[in-house]
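Structure, as structure tokens:
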């Protein structure tokens with residue numbers, strides 16, 4: 001029997017992949033974080049499935065549930081909010097499962113930053129404005145960041161920034177970015193993406209903290225920072241060569257004579 005780490009996406013039941021729905025529907029045991037995953041997603045579970053909310057469990061307790069299900073001959077759907085490749089702790093969980101001899105696999109999901117960008121209708125990579133996206137997080141109440149991954153280091157690139165687990169430090173973090181991005185740099189905060197209580201805040205480095213504090217946001221939010229967020233509203237960016245006028249028979253991005 002297998003433990004399936006499944007990206008549950010940002011919260012909407014219809015944003016799970018077809019594979020995710022199939023695996024969830026075939027697993028008699030489902031482990032999920034109730035903070036992020038609601039009833040609509042859990043509705044994909046089979047009738048009579050054992051549902052375990054992991055938000056108050058440590059990794060050893062979670063592993064015990066997986067091992068017990070495996071020993072009983074049951075597949076496990078281990079739902080991860082967003083995509084398992086980002087801040088899902090599967091490295092720690094799969095290490096424990098390997099030690100216990102329990103097989104596992106991973107099914108990707110829609111990451112929070114992609115859902116946030118879709119909600120506000122923005123591309124995070126705009127030609128000659130930003131061609132890189134940095135996915136990072138804050139660390140006040142979590143493990144330390146590597147020395148080479150400070151926010152100041154990333155800010156010097158002026159790439160589009162995606163900040164996870166950072167909403168409680170919005171004012172401090174936004175102030176630290178002003179020197180590199182300018183206080184008029186666009187910022188978007190999306191909280192509880194694709195949930196009934198979804199909230200979208202639009203502002204700049206100068207004023208977004210006021211909005212976050214007024215809204216009382218404390219978790220389940222992603223912060224997007226960068227000039228690409230405003231590019232659609234201006235004419236000061238070039239158009240992609242990929243979809244530009246082509247010479248007959250010439251491949252995209254091939255230099256013209």
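Modelled spin labels at residue 1 and residue 202, positioned 7 Å past Cα toward Cβ, are 4.9 nm from each other. The relative contact order of the chain, computed from alpha carbon pairs under 8 Å that lie at least 6 residues apart in sequence, is 19 percent. In terms of packing, defined here as the mean over residues of other Cβ atoms within 10 angstrom, the peptides 129-138, 40-49 line up highest first as 129-138, 40-49. Which FRET efficiency, nearest 0.05, do residue 89 and residue 22 yield, Cβ-Cβ r, R0 30 Å? It comes to 0.80. Counting 0.36 nm for each residue step from residue 47 to residue 211 and taking away their Cα separation leaves a gain of 54.8 nm. Checking the a/c ratio against 1.5 first, then a/b against b/c, what shape does the Cα gyration tensor give for the range 112-233? Judged from the Cα gyration tensor, the range 112-233 comes out rounded (a/c under 1.5). Entry note, the chain: the mean residue ellipticity at 222 nm calculated from DSSP H runs of n ≥ 4, each adding -39500 (n - 2.57), is -7500 deg cm²/dmol after division by the residues and rounding to the nearest 500.
Inter-label distance, residue 178 to residue 98: 4.6 nm, where each label sits 7 Å from its Cα along the C-beta direction. Approximating the spin labels as points 7 Å out from Cα along Cα→Cβ, the residue 119-to-residue 35 distance works out to 1.7 nm.
Rounded to the nearest 10 degrees, the inclination of helix 59-71 to the longest alpha-carbon principal axis of the chain is 50 degrees. The overall shape of the range 1-74 is oblate: from the C-alpha gyration tensor, with semi-axes ordered a ≥ b ≥ c, the ratio a/c is 1.5 or greater and a/b is no larger than b/c.
Using the Cα gyration tensor of the chain, with a ≥ b ≥ c the square roots of its eigenvalues, what is the shape: rounded (a/c below 1.5), prolate (a/b larger than b/c) or oblate (neither)? It comes out prolate by the Cα gyration axes.
Laboratory data are not the source of any read-out in this text; all were calculated from the coordinates shown. Since this is a predicted model, take the numbers as computed values, not measurements. So basically every Cβ, Gly included, is an ideal-geometry build from the backbone, and we count neighbours across all protein chains shown.
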